[in-house]
Amino acid sequence: MVLAVTMRVEVTRGQARRWAASALVLAALAGPAMAQPPQPAPVSDGQTVYPAAFFAPYNPVNASDMVARVPGFELKDGDERRGFASAGNLLINGERPSSKTAASELLKRIPASNVTRIELLSGANAGLDVRGQSQLVNVVVAQTAAKGDGTTWSLGLRHLQYSNRVGWLVQASRAVQLSPQAELGLDVQFPNLLGRGDSRDRLVTASGVQTGARRLLGKPQYIGAQGSATLRWRPTSMDTVNANIQFAPTWNHLDTIQSEVTGTGAPRSLLIGRSDFEANYTGELGADWERQLGGGLSAKLVTLVSNGSVDQNDVFNIQNFPATFVTRTQDRTTRNGERIARGRLKWTVNPAHTLEFGGEGAFNYRDTTFNITNQIGGGPVVKVPLAVSDARVEETRGEVFATDIWTVSPALTLEYGLSVEASRITQTGDQQKERSFRFVKPRATATWTMGPAGTLRASLIRDVAQLDFAEFSSTVDFVNAAATQGNPELVPEKAWKARLEWETRLAPRTALTIAAFADRVDDVRDLVEIAGADAFGNIGRGSRLGLEARAATPLAFIGLPNAELRFNGVWQRTQVTDPITGEKRSFSVPLERQGATSGSPTLNLGNKDWAYVLTFRQSMPSWQLSWGASVIDWADRNEYRRIEVISYERPLPKLDLFIETTAIRPVTARLFVNNLLAPPETRTREFYLGSRAGGITERLEIRKALGGPEGLRTMGFQVSGRF
């Protein structure tokens, strides 16, 4: 397979300055240290094996700390897909977790002392459930009785800029040996987040004349709890059973104050609101059973049941000067769930071929009700009409699949397969609709081991995205005066995805991966116009071309022993025809669906043009001290609506710093500052006269946001340990 990609990389001066600043910051912070580097990891059978001793210099508390230090590897939680059709790149004792909980979260529940080794595997490994992944990690966990130290704990305090309050995090995990063949893992967490945001808008005409100003203060309080249990059991030498259960309730609320004045400073309006989120929880119960049948045959059954619930009540008291007073209420309830059963039969026909056959059935639902009322000046309560405010969406789906892993030679492996999916989606409530879908999804991956230090992979897959059932019903953001109508005509986004990837491991701690990818996307998910309103929808065919690079290297060669530098970055160009203007543009990147890099330094690209994470870490064993810095940056983004374009810009990257000590073993004490530079984000809403098709700007709202999800500086102290 040959992947031909032609691209033109465009870098603005601003981007160049930001990237250069990132490198200079880390270079300036680095300093010398003295000690011998840890022992290298052995390599066998084209797979890199990292024993537990490899991670000892990092003093890991749990398996998540260890996987984060595997050179040239990035943990992926898996794409949003129905059922288990798409999985992340994590195995635990050679098995995929029977859970849709994020892989990074699952790893935090495994004490580091119970991990014997971590294997970095090629996606062409015939003995494992590779499911289309080019690279995986297998965390090999020993029985607690053999290792001891089965409990880990973590206590943390966090202060968010502007909040004047301190939040906390408490977590404890315990591995309990029930018998020589059974182990139970228990985990409890109590996160608390207390924040505050401050945003200020300038309201101007197209010619730049200021017509008013607005200030928005938000004060969220998010309190949660989470309990989970995981069972690993070998009832016989031929059977393996895994089960997990998780329940996570939350108690959240948000206080909002927004004031607006005219261009002369006279009061125009005042809003005081509160949002309470009650009856909020998520729960999950999953299990899998695998049996070795003999003769190269094995069978596996996976089941999962999950439920979620959210009740949201908004009350806004609005004074429109000089005399009008309005009370607005918004009540929204959401119930959702998923039921999955998946069966698989694996047959190792001979050393060259391993076949997999199976099927999956699933039932998903989401039930939403949304009621809005207005009460003017103490008068009667009037219900506000809203299209598609009540909706129940159900999906029944079935899939069959077959895969062959063909070891053509010791250097070349082919994985190819086909799955066929059929589903029926029914919507009731304000809109009545029933539709059926059928998708044929072929895939092929070729892996060529070029030598002990090099691997080349090429893949071509047909991908079908998951429909977001929330987009079948309408949403209203009253504070920001934005509404999006639900659309029962939504169809899944589909794509042919081609990827060519080269990986080299020049040394045990030095790795480089470079990839090029090209996607042809059908039914691009975006916003459309329905009856003069913005609505969720599909806007036709688009394309995505890009480059990805991951690298890790020690820095002893420049005089920095026990120091390492990691880079993970993606650049891409997306293109689709705008349904309003008829012109070519990038894919829309709505803030509410895209999110942003925050907290731990992980890459979150989505449809943004580029994003990267650059991390430096240095250990000073003689002082029992480590420190480091991360620079995270991502492209500005645009959201295209019917009569406006919303643009988000940030002047500086996100800079995180930490210092930790292991002087009191086995305790690790860590002091950190995330988003040290705390650059304000600028949001510009450009409103057009009539619609964007006319190209005539009517007015602008230019917001400088201090705080919020991307602008807060977070300072914290955390102690973690094990016993």
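Laboratory data are not the source of any read-out in this text; all were calculated from the coordinates shown. The shown structure was predicted, so the numbers you read here are calculated from the model rather than taken from an experiment. Cβ sites come from the backbone with ideal geometry, for glycine too, and all protein chains shown count toward neighbours.
To the nearest 20 debye, what charge dipole does the stretch 168-243 have about its Cα centre, counting +1 at the Cβ of each Lys and Arg and -1 at the Cβ of each Asp and Glu?
On the way: 9 positive and 5 negative charges, 104 e Å.
Magnitude of the dipole: close to 500 debye.
Dipole size in debye (nearest 20) for the chain around its Cα centre, Lys and Arg Cβ +1, Asp and Glu Cβ -1? Don't skip to the answer; put the middle values down first.
Working: 81 positive and 72 negative charges, 217 e Å.
Result for the chain is approximately 1040 debye, rounded to the nearest 20.
Strictly over 26 Å apart at the Cα level, which of LYS494/LYS608; LYS433/LYS608; LYS100/LYS219 would you flag in this model? Kindly include the intermediate steps, with their values, before the conclusion.
Working: LYS494/LYS608 19 Å; LYS433/LYS608 33 Å; LYS100/LYS219 31 Å.
Those over the limit are LYS433/LYS608; LYS100/LYS219.
Pulled fully out, how much extra length does the chain show between ALA663 and LEU689, if you take 0.36 nm times their separation in residues and subtract their Cα-Cα distance? All intermediate terms of the calculation are to be shown ahead of the outcome.
Working: separation 26, 0.36 × 26 = 9.36 nm, distance 6.45 nm.
Extra length available between ALA663 and LEU689 comes to 2.9 nm.
At q = 0.05, 0.07 Å⁻¹, what is the base-10 log of I(q)/I(0) for the chain according to the Debye formula with one equal point scatterer per Cα and no solvent? Please give it to two decimals.
After summing over all Cα pairs, the log10 values are -0.26, -0.53.
Given R₀ = 30 Å, FRET efficiency for ASP430-ALA172 by Cβ-Cβ distance, to 0.05? Please report the intermediate quantities before stating the final value.
Working: r = 46 Å, r/R0 = 1.53.
Plugging the Cβ-Cβ distance into 1/(1 + (r/R0)^6) gives 0.05.
Contour minus end-to-end for MET715 and ARG339, with contour as 0.36 nm per residue of separation and end-to-end as the Cα-Cα distance? Walk me through the intermediate numbers first.
Values: separation 376, 0.36 × 376 = 135.36 nm, distance 4.06 nm.
131.3 nm is the gain from fully extending MET715 to ARG339.
For ARG585 and ASP239, what does the FRET efficiency come to when R0 = 41 Å and r is the distance between their Cβ atoms, rounded to the nearest 0.05? If you can, show how the numbers build up before the last one.
On the way: r = 55 Å, r/R0 = 1.34.
That gives a FRET efficiency of 0.15.
May I ask for the net charge around SER228, where only other residues with Cβ less than 15 Å from the Cβ of SER228 are counted and Lys, Arg are +1 while Asp, Glu are -1?
Numbers: positive: LYS100, LYS108, ARG109, ARG174, ARG232; negative: GLU105, GLU183, ASP187, GLU284.
Around SER228, the surrounding residues sum to +1.
List the residues of the stretch 187-201 whose backbone N lies under 12 Å from a point placed 7 Å from the Cα of ARG165 along the Cα-to-Cβ direction.
The answer is 192-197, whose backbone nitrogens lie closer than 12 Å to the label point.
Which GluC sites (Glu not before Pro) in the stretch 322-366 pass both tests, a DSSP loop state and at most 10 other beta-carbon atoms within 10 Å? Write down the numbers at each step before the final one.
Values: sites: GLU338, GLU356, GLU360; in loops: none.
In loop regions of the stretch 322-366 (DSSP not H, G, I, E or B), there are no sparsely surrounded GluC sites (Glu not before Pro).
Among the aspartates and glutamates, select those whose C-alpha is under 15 Å from the C-alpha of LYS441, and discard any that sit fewer than 8 residues away in the same chain.
GLU360, GLU399, ASP404, GLU415, GLU421, ASP463, GLU493, ASP519, ASP522
Contour minus end-to-end for ALA182 and ASP255, with contour as 0.36 nm per residue of separation and end-to-end as the Cα-Cα distance?
Details: separation 73, 0.36 × 73 = 26.28 nm, distance 4.76 nm.
Fully extending the segment from ALA182 to ASP255 adds 21.5 nm.
For LYS383, which aspartates and glutamates qualify as cross-link partners when the Cα separation must be under 18 Å and same-chain residues fewer than eight apart are set aside?
ASP314, ASP331, ASP430, ASP477
Restrict the search to the stretch 614-698; then list the trypsin sites (Lys or Arg not before Pro) that DSSP places in a loop and that have at most 10 other Cβ atoms within 10 Å of their Cβ. Don't jump to the answer; show the numbers that get you there.
Working: sites: ARG617, ARG637, ARG641, ARG642, LYS654, ARG670, ARG683, ARG685, ARG692; in loops: ARG641, ARG642.
Here no trypsin sites (Lys or Arg not before Pro) fit, given the DSSP loop and packing criteria.
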